[in-house]
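Enquirer: Would you mind keeping the following structure in view while I ask a few things?
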Amino acid sequence: MYNSQISFRIRYSETDQMGVVYHGNYLQFMEIGRVEWLRALGISYKSMEENGIMLPVISLQINYKKSAVYDDLITVVTKLKKKPTVRIEFDYEIYNEKGEQLIEANTVLAFLDILSKRPIRCPEYLLERLEK
């Protein structure tokens with residue numbers, strides 16, 4: 001399925017006193033990966049929200065393999081696991097600039113109507129872009 005990647009440097013504020021990335025920051029890195037995955041399709045989270053759709057995370061699994069440290073250039077690889085329905089599932093891999101895998105993870109998000117907070121199907125415009 002459709003994959004994307006983005007690279008950026010670890011900032012000092014993302015690390016602890018030992019210069020190691022705080023474990024919770026990897027969740028933000030995965031969010032950056034998802035946002036850029038959508039943007040590469042020509043869709044933004046903001047436009048989805050303006051169209052009445054929100055995407056909360058309903059499941060998260062993460063395996064930490066190696067720590068990122070201050071000033072590392074990391075690459076977040078975001079992979080769509082399967083065709084979205086009422087849910088959309090992503091796998092992630094994060095690497096440092098040496099090519100060492102730092103984490104592997106998975107998230108499942110649900111498409112919700114912003115007003116009713118009820119599940120809805122994946123919007124057609126997203127499915128159409130995935131089919132191209």
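Where a number appears in this text, it was derived from the coordinates with a stated rule and is not lab data. These numbers come from a predicted model, not from an experiment. All Cβ positions, glycine included, derive from the backbone under ideal geometry; neighbour counts span all protein chains shown.
Enquirer: Can you tell me how many residues within the stretch 70-86 are surrounded by fewer than 16 Cβ atoms within 10 Å (Cβ to Cβ) and part of a strand (DSSP E or B)?
Expert: So the answer is 1.
Enquirer: Any idea which residue in the stretch 87-132 is farthest from Gly42 (Cα to Cα), counting only those that are among the small types (Gly, Ala, Ser) and assigned to a strand (DSSP E or B)?
Expert: Ala105
Enquirer: If Glu50 satisfies every condition in (1) more than 22 Å from Tyr64 (Cα to Cα); (2) touching a residue at least 24 places away in the same chain (Cβ under 8 Å) but one, which is the exception?
Expert: (2)
Enquirer: Mind checking which pairs have a first residue in the stretch 75-94 that is under 12 Å from Ile32 (Cα atoms) and a second that is surrounded by fewer than 17 Cβ atoms within 10 Å (Cβ to Cβ) and small (Gly, Ala, Ser), Cβ under 6 Å, 6 or more apart or different chains?
Expert: Every condition considered, the pairs that remain are Thr75/Ser7.
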